[in-house]
Each structure stands twice: as structure tokens, then as C-alpha cells.
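Down below is the structure, laid out as C-alpha cells.
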Amino acid sequence: MATATKEKSEYREAWEESQRRAATVLPAWAARRRAAAFETFERLGFPTTDQEDWKYTNVAPIARSPFAAPRGRSLTAGEAGAVAQSLYAEAGRSRLVFVNGYLSASLSSLGALPAGVVVSSLWDALCGGRAEMLRERVGSAAAADADGFAALNAAHLGEGAFVYLPEGVRLEAPLHLSFVAGDEDAPLVNPRVVLVAERDSSATIIESYEASRDSAYFTNAVVEVFVGDGARLTHYKVQRESEQAYHVATTAAEIGRGGVYDLTTITLGARLSRHGVSVRMAREGAECWVDGLYLVGAGQHADTHSAIDHVAPRCTSHQIYKGILDGDARAVFNGKVFVHPGAQATDAQQTNKNLLLSPDARVDTKPQLEIFADDVKCSHGATVGQLDEEELFYLKSRGLHDELARNLLTYGFAEELIEKIKIESIKRQLDEAILNRLHARLEA
Amino acid sequence: MLEIRNLHAKIDGKEILRGIDLSVKAGEVHAIMGPNGSGKSTLAKVVAGHPSYEVTAGEVIYDGKNLLALDPDERARDGIFLAFQYPVEVPGVSNAQFLRLAYNERRKHLGEEELDPLEFKDLLAERAKIVEMDAGLMSRSVNEGFSGGEKKRNEILQMAVLEPRLAVLDETDSGLDIDALRVVSAGVNRLRRPDNAILLVTHYQRLLNYIVPDFVHVLYKGRIVRSGGKELALELEEKGYDWLRDEAKRSEQSAVTV
Ligand SMILES: Nc1ncnc2c1ncn2[C@@H]1O[C@H](COP(=O)(O)OP(=O)(O)OP(=O)(O)O)[C@@H](O)[C@H]1O
Ligand SMILES: [Mg+2]
């Protein structure tokens, strides 16, 4: 218990520093919520492997590390250049770049937006005219007391972004929210993104995490998504954190009547990552895709916990998660689909497939269906396998080197998800990750 | 070009090839026939280097080199091509992409320049014409969901692209309609050149009307029990393989009496 107290006091120091500043600028309710959330964090602490939901993911290394509130907010010219390089061309005039959680005006670029659309830092939104809307939305999709991580994030309310799409508006270019970390020692970054897509609006959002250099830090993100009636939101999450970093994130979405939410999560980075996804369909005729690809190698641990709630009738959910594991990588997939009483004519499909490229890699997968309605069409399944020897021989018999043949088959395994991605730059990033990096790691 | 001497091979502890001797010279076409399970595909796969087979005795010399010391991909780059009896489906890998990679590997090996996707597209279109292959199949995953005949055509297309020196065709004629048989034969004959050789595994004399072999061999229980000219195929067509079993029985009996 002594260690637990010490951890908490270290976080307290970081928090108090940030709270002093927040209290003078943010609305009183926001400051109060931050204080309450910090108390919750101190009460809950970080989860332990005794808890069913954290059985396979030990976050003790996060608790042990002295992550602190980021002080500086600027990158060196070299780092900024590297970040600019990695930004997606498709969102050249529609991106916000956050460095250690705070908006970087020089790296961001926003062209003219349709009337009524808001794309800003959460801080500005809280201080400006959107405070009342945020008061209602923040914490309503992702509860601040869900666990210690959620509480810690809520205690730092103000970092991150706010996106608002008024009724019927359609954003043509994808909107990129880029989170860059690592310009100082071991920062603790608590981004929160609130996306509100009103009735019949539509947009594509890219949420990405990367490092300006290979360093240790802790990203503790919460993303709350509100898809209104008839709205369509395509959401890519690309996690390319430094391989020394920790990444814990929640994506919580609520979909209105006939709304469509399509989430694709790509997990490439971090030493340890945990992504909690929850999608709630409480209005008739909603549809969601909750797909993902995790590609992890030696020394990496990637955990996905997903929960899809069919509350209203006639909703559809599709889920494909694929994992590629190399070296001694570990992955966890836990996918729950709940069909609530009365959610008739539910259609829910869920699959998790894993490819182990090394005998030392390991995956724990658990797809779960809980059905409390009778008129439903549901399926789920999980597989864990290696590259197929006959396929490998076939490719090699045409002259492909062993390494190329393996990479090509690995690519083939992931192709279904890569093909789904409509942003060419992300696709290319993935192509490279699969065809080059995997092998580099095998060699290492 | 290819010298097989006293080749023994087993899989999962079971001996399948029990002393094969075969000599193939450049410019020749050899047909290999024989009943189901006699070891024809095994021989083809051992030549291509399938890792599941263990060669327990004998040697295979290709162009003066010890073929058995080479990995399957090295053999392929050196000009050996196996058209599979059962072509493998490779989900998620596009036919065109795969073929380009394979083609460029071979080019690199020959010290020639690689083709970029556009240049290769032209070459592929030209070769696809030879086997009258639907262009739609190029963008699809390798063999995935292809009909039996389409898979066989795809094998011949790969061969036409890679232009091997030694092509081993394992029952490429099975499952082909009459037109396809003609098309496939055209593809094979196109490869028939003084510096190339072809090993043709088939059950049907019909194919040999299109691709006339220089030699015909009968494989039985892991050995070549009879070799001859193209007439041998006609004889087999007429007599079937019962005589083989009778002969085998007789030789067993005589072995007992001795
Ligand atoms: N893994 C294995 N374990 C044991 N026996 C095997 C294995 N694989 C193949 N065989 C056997 O090896 C023998 C030769 O098979 P092969 O495929 O070479 O025959 P084939 O002459 O090509 O027959 P077909 O004309 O039917 O294609 C068969 O009896 C087959 O059952
Ligand atoms: Mg066979």
C-alpha cells in the first residue's frame, strides 16, 4: 500500500500544477469536475490483474513510472519537420496537431469550414461559447469513474479537441486530429476528444498518435463520439506511439436513429497499449463497424477490449479484428456483444483472427455474445494460427525469397482491413509497416 | 539438364519414391503416367523442393548442380517451374502483384532489369492472351474462388510469364474443357525450345496429342517400371494398368520361389 500512496502523490503533484492553471480559466463546473475526478482517481488507483477486465494486461509499469505534467509545448525545428512529414496529405488543410496534449498552432492547418462547424482545442471550446454543450456531453459516453485511467483523464479535462458538425453538414476532406508526444522527459498526456455529429451530418475523422522521437511517455486518452440521427461518421484511429510509450485509450460512441459509425483502429506502436471501445446503439436502425488491426512485435503488448451494445431493435454491428504478432509480442482481444431485451432483428457479426509469426508470440482472445432477445442474427468466432506452409511453398516455388513470401502472406492476412481504409496515406503507412518493418524486426 | 539417380523420398515416415532414375535432356518432353497414388506428384514436388518430403537416398542434378541443396525459391529462380496438380489459394494477395514480384525475382536473378507495375501490366496482358485468361482474374486474390479450370489456366499463365527452363506440369490437363486443353497446350508448346525441357504428368493420352512427348514413363509404386516412346501412352490407354499389378504380383511370387 505504501507504494500505491507514493504513486498517487506523484500524480497529485502533476495534477495540482495543471489544476492551478485550469481553475483560473475554465468554467467553475469544469474545475469542480476535474477535482472530483482526481479524488476518484486517488480512490480507485490503477487497475490490477486481479480485476477480470485487466487479467492479461499488467499496468504496474505505468503506475511505477514517474510520468509528469508536460511543461514545454513546443518541438524542436527538426522534430516539427518530422511531424509535418508524417501528416496525411488528404487532410492538408483540415488538421489540428496537438503536442503533448496542447494545440500547436504552427503545425495545425484549417481551411474554411462550412458554417457552424467547430474544430478547436477542447480548452478553447470550454472557455468559449460551447461550454454548455460540453458540460452535457463530457463524461456522458465515457464515464469519469469507469476506472482509474478514465478518472485520471477527466481530472485533466481541457487537453484534446472538440469537433462539432451541425445538422446536415457534410465535411468533404477528412479531418485529422494528430497527437504528438515526447519532446521532454516522460510526459503524462491526457487528451480528450469530443466529437458531436448532429442529425444527418457526415464526416471522416482521423485520430492519430505518434512520437516526435523514441521516448517513454504515457498517453491516457478518452474519445467521446456522438453520432446523431441519420449521421454518418467514419473514424480512423492510428496508434503509432513510440515503442517505449504507454497508450491507454477509451473510444466511446453513441449512435442515434439510423446513424452510421464506422471505426477502424490500427495499432502499431507503444510498449503497452490498451484500447477500450464501446459502441452503444440505443436508437432503432443504427449501424456500426468496429474493426481493427494490431501489428505488434518484440516487447509490445496490445490489448483491445470492445463492447457493442444493441439496445434498440433493428441495429447492425460488424466487427473484424485482426492481429499480427511477431517476436514475443502479446495481444489481448476481448469483444463483447450485448443484445439487450427488446433489441429484436439485431444483426451482429464478430470475428477475431490472429496470425502468430513467432513461436514466442501469444494472444488471448475471447469473443463473447450475450443475447437477451429472440429474433436475432448473430455470429462470432476467433482463430489463432501461423502462416500456411502450403501457401508459403507455393509462393516460394515461383521464386519469391522466404522473407518476401512471408511478408506477402502476412499482407494477405491483413488485406481485408487494409482494403477497407479509404485514406491512401494510411494505407501506404500500413503497407510499409507490414512489408518492411515486420521483417526488420525478424532480423533484429 | 535434369539427372535423377536412385531417388528415394518419404513423407511422414512413409517411403513414396523408391528408386527413381530419369534423365531429361534440353529440348525434350517427357510424359510421366501411372496409376493414382504411384508417386507422380511426389516426384514433382521433390523436384520443386517441397519441405515436407525427405530425400533419403539418391541425387538430383540440374544443370550440373546438386538440386537438392537448393531452397525451393532458388530452384525457381534457376528456372524450375511446377504447375501444381492442386494450385494453392492465397487469400489477400493479388494475382497481378504476386506475378510481378515473382517475375522480377527471376529477372534480378538473370541480371536483367526489373519491370515497374505499368511495364509489367503490358507484359501480363500479352501473356494472358496466350492462355485466353480473363483480365478480371488478375486483380483477384491468387486462385481464390477460381474454378478448377481457371486455376489450371492460371498455372500456365504463371509459366508463360516466368518462362522456366524446366517445367514440371502435374496433371495440368485434368479438369480442363476441350478448349482449355487446346489453350493450355499452346502455352506449353510455346515454351518448347531447344534449351528448355518439359516434364508432363498426365493420366490421359489425349493431352499427348497436343503436346507430343519424346518419352513416356510409367511410374508404379515409386519406381519407373516402363519407359518408351509416345506409343507407350497409346498402349496404356488401351490396356490400363492391370498388367502392372499382374507383373508386380508375378515378380513377388518369383521372388518367393527364389
Ligand atoms: N503425408 C502423407 N503421409 C503418408 N502418405 C502420403 C502422404 N502424402 C502423400 N502420401 C501418399 O503418397 C502416395 C503418392 O502420392 P502422390 O500424390 O505422389 O500420387 P500421384 O501418383 O500423384 O497420384 P494421382 O494420380 O492420384 O495424383 C499416395 O499413396 C499418398 O497417399
Ligand atoms: Mg498427383
Q. Which of the residues belonging to the stretch A:345-369 are more than 25 Å from A:GLY299 (Cα to Cα) and open to solvent by 70 Å² or more (accessible area, probe 1.4 Å)?
A. none
Q.
When you scan the stretch B:17-24, do you find a residue that is within 16 Å of ligand 2 (Cβ to nearest atom), out of contact with any Leu (no Cβ under 6 Å at 6 or more places or on another chain), open to solvent by 20 Å² or more (accessible area, probe 1.4 Å) and touching a residue at least 40 places away in the same chain (Cβ under 8 Å), even just one?
A. no
Q | Tally, over the stretch B:88-119, of residues that are of a type in the set (Asp, Glu), within 13 Å of chain A (Cβ to nearest Cβ) and surrounded by fewer than 19 Cβ atoms within 10 Å (Cβ to Cβ) | A | 2
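The rows are residues; the columns are (1) hydrophobic (A, V, I, L, M, F, W, C); (2) touching a residue at least 40 places away in the same chain (Cβ under 8 Å); (3) away from chain A (no Cβ under 14 Å); (4) open to solvent by 20 Å² or more (accessible area, probe 1.4 Å).
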| position | (1), (2), (3), (4) |
| --- | --- |
| B:LEU162 | yes, yes, no, no |
| B:LEU166 | yes, yes, no, no |
| B:GLU171 | no, yes, yes, no |
| B:ARG182 | no, no, yes, yes |
| B:SER185 | no, no, yes, no |
| B:ARG190 | no, yes, yes, yes |
| B:ASP195 | no, yes, yes, yes |
| B:TYR210 | no, no, yes, yes |
| B:ASP214 | no, yes, yes, yes |
Q: Check B:ASP71, B:ASP63 and return the single one that is open to solvent by 10 Å² or more (accessible area, probe 1.4 Å), more than 10 Å from chain A (Cβ to nearest Cβ) and in contact (Cβ under 8 Å) with a residue 12 or more places away in the chain.
A: B:ASP63
(Q) Given (1) out of contact with any Lys or Arg (no Cβ under 9 Å at 6 or more places or on another chain); (2) of a type outside the set (Phe, Trp, Tyr); (3) under 21 Å from B:ARG193 (Cβ atoms); (4) modelled with pLDDT of 95 or more, identify the lone condition not met by B:LEU22. (A) (1)
Q: Filter the stretch A:182-201 down to residues that are open to solvent by 10 Å² or more (accessible area, probe 1.4 Å), touching a Ser or Thr at 6+ places or on another chain (Cβ under 8 Å) and either closer than 17 Å to A:LEU122 by Cα or not hydrophobic (A, V, I, L, M, F, W, C) (or both), then give me how many there are.
A: 2
Q. Which of the residues that make up the stretch A:37-62 are in contact (Cβ under 8 Å) with a residue 60 or more places away in the chain and hydrophobic (A, V, I, L, M, F, W, C)?
A. A:ALA37, A:PHE38, A:PHE41, A:LEU44, A:PHE46, A:VAL59, A:ILE62
Q. Within the stretch B:42-59, which residues are open to solvent by 30 Å² or more (accessible area, probe 1.4 Å) and within 9 Å of ligand 1 (Cβ to nearest atom)?
A. B:LYS45, B:SER52, B:TYR53
Q) Would a scan of the stretch B:4-15 turn up a residue that is within 14 Å of another protein chain (Cβ to nearest Cβ) and buried (at least 20 other Cβ atoms within 10 Å of the Cβ)? A) no
**Q.** Residue list for the stretch B:216-241, filter: under 21 Å from B:GLY27 (Cβ atoms) and open to solvent by less than 30 Å² (accessible area, probe 1.4 Å)
**A.** B:VAL216, B:HIS217, B:GLY228, B:GLY229, B:LEU232, B:ALA233
(Q) With the structure loaded, tell me whether B:ILE4 is out of contact with any Phe, Trp or Tyr (no Cβ under 9 Å at 6 or more places or on another chain), outside any loop (DSSP other than H, G, I, E, B) and within 12 Å of ligand 1 (Cβ to nearest atom) or whether it fails that test. (A) no
Q: Confirm whether A:TYR246 is touching a residue at least 60 places away in the same chain (Cβ under 8 Å) and of a type in the set (Ser, Thr, Tyr).
A: yes
Q: Please specify each residue of the stretch B:25-48 satisfying the condition of being within 12 Å of ligand 2 (Cβ to nearest atom), outside any helix (DSSP H, G or I) and touching a residue at least 40 places away in the same chain (Cβ under 8 Å).
A: B:ILE32, B:MET33, B:GLY34, B:PRO35, B:SER38, B:GLY39
Q) When the stretch B:89-100 is examined, which residues are found to be out of contact with any strand residue (DSSP E or B) (no Cβ under 8 Å at 6 or more places or on another chain) and aliphatic (A, V, I, L, M)? A) B:ALA96, B:LEU99
Q.
Among the numbered criteria (1) within 14 Å of chain A (Cβ to nearest Cβ); (2) away from ligand 2 (no atom under 16 Å from the Cβ); (3) free of Cβ contacts under 8 Å to residues at least 60 places away in the same chain, which one does B:ALA76 miss?
A. (3)
Q.
Would you confirm whether or not the stretch A:74-93 contains a residue that is buried (at least 18 other Cβ atoms within 10 Å of the Cβ) and touching a Phe, Trp or Tyr at 6+ places or on another chain (Cβ under 7 Å)?
A. no
(Q) Please go through (1) assigned to a loop (DSSP other than H, G, I, E, B); (2) in contact with a Pro (Cβ under 7 Å, 6 or more places away or on another chain) for B:GLU113 and return the number of the only condition it doesn't satisfy. (A) (2)
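The values are calculated or read from the model by the stated rules, or taken from the named source; none is laboratory data. Given the structure is predicted, the values throughout are model-derived calculations rather than measurements. Virtual Cβ from ideal backbone geometry, glycine too; neighbours counted across all protein chains shown. SASA here: full protein model, heavy atoms, side chains in, ligands and nucleic acids out. Shrake-Rupley method; radii C 1.70, N 1.55, O 1.52, S 1.80 Å.
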